[in-house]
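Input: a single structure, listed below in structure tokens.
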Amino acid sequence: MTLMKLYTLIPMMPLIASIVIGLFGRQLPKVFSHLIPIVLVLGSFLLSLYALYISYHGYVFNENLFRWMTVGQYDLNIGFMVDNLTALMMSVVTFVSLMVHIYTIEYMENDPGYSRFFSFISLFTFAMLMLVMSNNFLQLFFGWEAVGLVSYLLIGFWYKKPTAIHANMKAFLVNRVGDFGFLLGIALIMFYFGTLDYKEVFSRVDTLAGQEFMLMGSSVSLVTLISILLFIGAMGKSAQVPLHVWLPDSMEGPTPISALIHAATMVTAGIFLVTRVSPIVELSNTALSLILIVGSITALFMGILGIFQNDIKRVVAYSTLSQLGYMTIALGVSSYSLAMFHLFTHAFFKALLFLGAGSVIIGMHHDQNIMNMGNLKKYMPITWITFLLATLALVGMPFFSGFYSKESIIEAVKYSEIVGSSFAYFAAVFGVFITSLYSFRLYFIVFHGEERWRNKPISHNHHDHGLTTNQSPHETTWVVIMPLILLAIPSVLIGFFTIEPIIKSSFLLKDIFILNSHLALSQVTEHFHGPINMALHALATLPFWLMVLGFIVAYLLYYKNINFIKTPKILKKVMDHKYGFDNFNEYILAPLTIRLGNVLWKYMDIKIIDNFFVNGSAKTINLFSHITKKIQTGFISQYAFVMVIGLLLFISYFILGGKS
Amino acid sequence: MTGILSIAIWTPIIFGIILLLVQDKLSTTLTYRLGNLFGFISFLVTLPLYIYFDKGFSGFQFQEIYPWINHFSINYHLGLDGISLPLVLLTSFISWLVIFISSNSIQRAIGFYISAFLILSGLMIGVFLALDAILYYVFWEAMLIPMFLLIGIWGGPNRVYATIKFFLYTVLGSLLMLVAFLYLYNQTASFAILDFYTKPLSLNIQVLIFLAFFMAFAVKIPMWPVHTWLPDAHVEAPTGGSVILAAIMLKLGGYSFIRFAMPISPDALIFLKPFLIGLSLIAIVYIAFVAIVQTDMKKLIAYSSISHMGFVTLGLFILNPLGFEGGYVQMISHGFISAALFFAIGVLYERMHSRNISDYKGVINSMPIFGSFFVLFAMANSGLPGTSGFVGEFLVILGAMQDHFWIAFFASLTLIFGATYSLWLVKRIIFGEVKNKKIAALKDLNGKEFFVMSVLALMTLAIGIYPALITDITNQSSQVMLGLIQQSKIL
């Protein structure tokens, strides 16, 4: 079997699973609904590991699968490129997907949409693989929009919930704003290079430097324009401010997909995109600074919001936003491999946090309010331990995976000299405190303290979820626990074992382009003396102690319940409105759109065009035809008949007249 | 292979006449079955056009030429190239689907209804195949008669206003087109379109000719600001009429731009390009806003069609290969997607007798299969990659960028607004809790409806995944056409 066929199988297997289950899932016995996708996604995962093995040994696969179309001199193709960057993404995507497939067996067990759900997550796996394996911008865009589609379908999975169908439309439309920029970027690439193939574009990318482009009467650098447009696409998918508004709402979807799509894989597509186009982005310091600043704002301000959330999934969602901000910061300081590294470790511990949250939600009988939880460590020990491990990884506890990736990013920002790096450094370092505070707040409230659901006011509402005061939560079955444990292992260890190859070797760097004048990453590499040394060294640095401070504050506030800080009213208000982004969209942007539509329709179309011009001329004609009213029968067929006859006469007259 | 073009045109017309004659003597069921068989055969006879078509040959194939009115050198001249072939297949295929599903909705005079569609189908194919201006003109005008009848007899309550509006708009344009043909005849002493292509003309004359054509074709496609007949016609037309109107009749405008206006007056085209692009962009953006606020779902899709046709005209008038091919693919793609959406609205209308969006909510609860199809077509309508809706928009945006950044910028806004009206429609109709008992009692698609939706879905996906299906046919001919346009005709 050729490598091409093998690589084609990787995305095709989940697609086949999706189609089979989507079309016949309800006819087949229920067990097939999860068995077929799991087996095929497992196959995909194993082949992805094989692809990683091959590319690790230095073979970059790049071939076209088929010709999509030919237009004039342009050929557009569908094909695969598998280098280390791609192979790493493929492995992460298929692994997390596999875990989520298994976990779903229990989580969605009694849902009437059981087979539909499996069909969707397999379809997602296919789309995400097409996105990362692409060897051109066209297919990248296909995967990009296809994951958006599946995200739309899954956020709105419970289509009866008004909040869910609001959230999924919002997610799709906000992403479309990003795609709008992305598509323009792709069109500019086509305009300049005449091809969308990565290899050809990147091989001629140096000719781009210094190209000017006329825009609004002034000339701008073409490479900056392309970079910023592509980054706008990344901002949509990777939920960077101000296009982040869809991600917290996406929590309306079932928890397994929050883990898979809205934490581990799809939202990191933007990070992957910018890394992939590093040869272009590197040429524009303006674009890099913009990326850096957007990332910093997201990392810091979204983290702060996480402190004020009471829905367990929303806390984790804001944490995801903040961590995506960290990855974007790494992109901004030209440390693409570090962004990928954080993406990699984050995929494990954030998926674990979400699946842990899901386990808690099952235990609490679908109550997501943390103010009804407490002391769950007693009832759900495995969830508790794994959740704690994920929390430690997230806050950057030395030796845990998250520590290595986040600490290297902070280091890189420190060495960077690009405009905005001092603000980014502040945001990244202060963000460590924020991360620690919201993470331990969540941890203490959920797993320690009193059992709050027991003194919950009694509700007589039938539809209310949650435990009654005399019930106790309990751990669920092995299909939930197994993924938790399998994800906990890499959450703890993988950073320790992979930092060396990522920082020291050319494993990722050979697929990335970094300008020699952008020194941040090479400085990090220079100061790196092994993972143990790095962890020990960190004990004497500011970020570590800020993390400890965050822990202490959370401990006092939420474990000891000592309220030594009072949130000022104004701050509380700003936090409740989440800085007002949603309000702006809902009370200003949306009504303005409707207003404009109505004005154009009712005034332009109806009043001016129809009433004045069309009916006006009809009336004028009526005036003249007053005399001929007798022959107006009102039957359009007769009009048509008269018209044809008239035309024939007209033609005859003209031609005969012309001849004679 | 001569003769297959005539067969493609006259088979449905003759069948239509036969059906018209025998319908009184047959029961309704039998009439439907016979009509359906006729429709299917009429579709089958167009398949040889595709099978024997030579993709590598850029000229006209299977030409037939017989003298018709010798005195004025008017010929019965037919020919097929890559531009007309996909449209012919689309016409015969969609016409058959409309006939196939007619038994669901039409109780009154079904034989008459089906024969109107058969005749209409033949006449439209005639428009796509005619290479003689007068022959073309006869098909073009004759086609209006069955369409008027369809709206006038099976239409809604306000059908008289809608037909008259349609009539006024169309007649005004057609007459000017005829004047242009007669002028060209005076110049070339021929009605052969190919002779028109080579005739040198001064810029002033070209501009006048272009504007005469423009009045006819811009109304048909329709372009802003001569578009207001379309929503009214759609609202009043029966489901089948809407499907044919959106899927094929609008394309007659686009096709005719390619066949006449562009190659006959290329210098005028370049001269008027900014104006034409401006109108196209207005259609794309302005009409999208209008579509967002519609409360009648048929009107919403009608406005969406106008916005999509804005992409067609933008692509054609941007005058480069990417735009041209994109505009063309958009026509074919819109043929399938708009047909599916109008069928879908018909499915709902037959069950609920309302087109008001606010009367619906949570349809997917009682009609899960229908709901899935609707989501798919709404996504296709908003240009999702993997569906045919993406291909045209993508190419047109790439083409627009070659011309100017801001043109691409405004055209790309459709990504946002197209998704807004499509998905908001889905949210209000398909998703949510069941609104009332009527919706709870809805029955999902029956066998015929399922078949129609499935084949349209398959076509939409097939073109989206492998657009070379179409572009391999059109590639040679579009290069010829673009070549003609780029050659100045000023002496």
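The values are calculated or read from the model by the stated rules, or taken from the named source; none is laboratory data. Quantities reported herein were computed from a predicted structural model and do not represent experimental measurements. Note that we place each Cβ from the backbone using ideal geometry, even for glycine, and neighbour counts take in every protein chain shown. For accessibility, only protein heavy atoms count, side chains too; no ligands or nucleic acids. Shrake-Rupley method; radii C 1.70, N 1.55, O 1.52, S 1.80 Å.
Among the residues in the range A:58-71, are any of a type in the set (Phe, Trp, Tyr), touching a Ser or Thr at 6+ places or on another chain (Cβ under 7 Å) and open to solvent by 10 Å² or more (accessible area, probe 1.4 Å)? Within the range A:58-71 (the criterion being of a type in the set (Phe, Trp, Tyr), touching a Ser or Thr at 6+ places or on another chain (Cβ under 7 Å) and open to solvent by 10 Å² or more (accessible area, probe 1.4 Å)), the answer is no, since none of the residues qualifies. Any residue in the range B:325-333 that is over 23 Å from A:Tyr152 (Cβ atoms) and hydroxyl-bearing (Ser, Thr, Tyr)? Yes, the range B:325-333 has at least one match.
For the range A:565-572, state whether one or more residues are at pLDDT 80 or above, surrounded by 11 or more Cβ atoms within 10 Å (Cβ to Cβ) and not hydroxyl-bearing (Ser, Thr, Tyr). Among the residues of the range A:565-572, at least one is at pLDDT 80 or above, surrounded by 11 or more Cβ atoms within 10 Å (Cβ to Cβ) and not hydroxyl-bearing (Ser, Thr, Tyr), which makes the answer yes.
Taking the listed residues B:Trp229, B:Trp154, the one that is at pLDDT 85 or above and aromatic (Phe, Trp, Tyr) is B:Trp229, with no other qualifying. Taking the criterion of being over 21 Å from B:Phe336 (Cβ atoms), open to solvent by 10 Å² or more (accessible area, probe 1.4 Å) and either within 9 Å of another protein chain (Cβ to nearest Cβ) or touching a Phe, Trp or Tyr at 6+ places or on another chain (Cβ under 6 Å) (or both), would at least one residue in the range B:408-415 satisfy it? Within the range B:408-415 (the criterion being over 21 Å from B:Phe336 (Cβ atoms), open to solvent by 10 Å² or more (accessible area, probe 1.4 Å) and either within 9 Å of another protein chain (Cβ to nearest Cβ) or touching a Phe, Trp or Tyr at 6+ places or on another chain (Cβ under 6 Å) (or both)), the answer is yes, since at least one residue qualifies. Here is the figure for the range B:419-435: residues that are at pLDDT below 90 and at the interface with chain A (Cβ under 7 Å from one of its Cβ atoms) total 2.
Within the range A:489-507, the presence of at least one residue that is open to solvent by less than 60 Å² (accessible area, probe 1.4 Å) and modelled with pLDDT under 85 is confirmed. The residue list A:Leu243, A:Leu149 contains one member that is part of a helix (DSSP H, G or I) and either touching a residue at least 24 places away in the same chain (Cβ under 8 Å) or on the phi < 0 side of the Ramachandran plot (or both), which is A:Leu149.
A:Lys578 falls short of the stated requirement of being open to solvent by 60 Å² or more (accessible area, probe 1.4 Å), out of contact with any Pro (no Cβ under 7 Å at 6 or more places or on another chain) and charged (D, E, K, R).
Just to be sure, is B:Met124 away from every other protein chain (no Cβ under 14 Å) and in a helix (DSSP H, G or I)? When the stated conditions are applied, B:Met124 passes them. Among the residues of the range B:238-259, none qualifies, meaning not one is in contact with a strand residue (DSSP E or B) (Cβ under 8 Å, 6 or more places away or on another chain), open to solvent by 10 Å² or more (accessible area, probe 1.4 Å) and either at pLDDT below 90 or not in a helix (DSSP H, G or I) (or both).
Given the criteria open to solvent by 10 Å² or more (accessible area, probe 1.4 Å), touching a helix residue (DSSP H, G or I) at 6+ places or on another chain (Cβ under 9 Å) and farther than 24 Å from B:Ile473 by Cβ, does B:Leu300 qualify? Spelling it out, it is not the case that B:Leu300 is open to solvent by 10 Å² or more (accessible area, probe 1.4 Å), touching a helix residue (DSSP H, G or I) at 6+ places or on another chain (Cβ under 9 Å) and farther than 24 Å from B:Ile473 by Cβ.
Close contacts from the range B:270-296, counting a first residue that is within 12 Å of chain A (Cβ to nearest Cβ) and assigned to a helix (DSSP H, G or I) and a second that is open to solvent by less than 10 Å² (accessible area, probe 1.4 Å) and polar (S, T, N, Q), with Cβ to Cβ under 6 Å and a gap of 6+ residues or different chains, come to B:Ile287/B:Ser307; B:Ala288/B:Ser307; B:Ala291/B:Ser304.
Close Cβ contacts (under 7 Å, 6 or more residues apart or on different chains) running from residues in the range A:157-182 that are more than 9 Å from chain B (Cβ to nearest Cβ) to residues that are of a type outside the set (Val, Ile, Thr) and not in a helix (DSSP H, G or I) comprise A:Phe157/A:Gly113; A:Phe157/A:Gly253; A:Phe157/A:Pro254; A:Val174/A:Leu243; A:Gly178/A:Leu243.
Just one of the listed residues (A:Ser334, A:Ser408, A:Ser359) is in a loop (DSSP other than H, G, I, E, B) and surrounded by 24 or more Cβ atoms within 10 Å (Cβ to Cβ), namely A:Ser334.
All conditions but one from (1) more than 20 Å from B:Ala411 (Cα to Cα); (2) in contact with a Phe, Trp or Tyr (Cβ under 9 Å, 6 or more places away or on another chain) apply to A:Leu230; the one that does not is (1). If only residues of the range A:184-218 that are buried (at least 19 other Cβ atoms within 10 Å of the Cβ) and small (Gly, Ala, Ser) are counted, the one that is farthest from the other protein chains (Cβ to nearest Cβ) is A:Gly185. Being at pLDDT below 75, open to solvent by less than 50 Å² (accessible area, probe 1.4 Å) and either more than 10 Å from every other protein chain (Cβ to nearest Cβ) or within 30 Å of B:Phe139 (Cα to Cα) (or both), is that true of even one residue in the range A:617-633? Within the range A:617-633 (the criterion being at pLDDT below 75, open to solvent by less than 50 Å² (accessible area, probe 1.4 Å) and either more than 10 Å from every other protein chain (Cβ to nearest Cβ) or within 30 Å of B:Phe139 (Cα to Cα) (or both)), the answer is yes, since at least one residue qualifies. Considering (1) part of a helix (DSSP H, G or I); (2) of a type in the set (A, V, I, L, M, F, W, C); (3) at pLDDT 85 or above, the lone condition that B:Phe148 does not fulfil carries the number (3).
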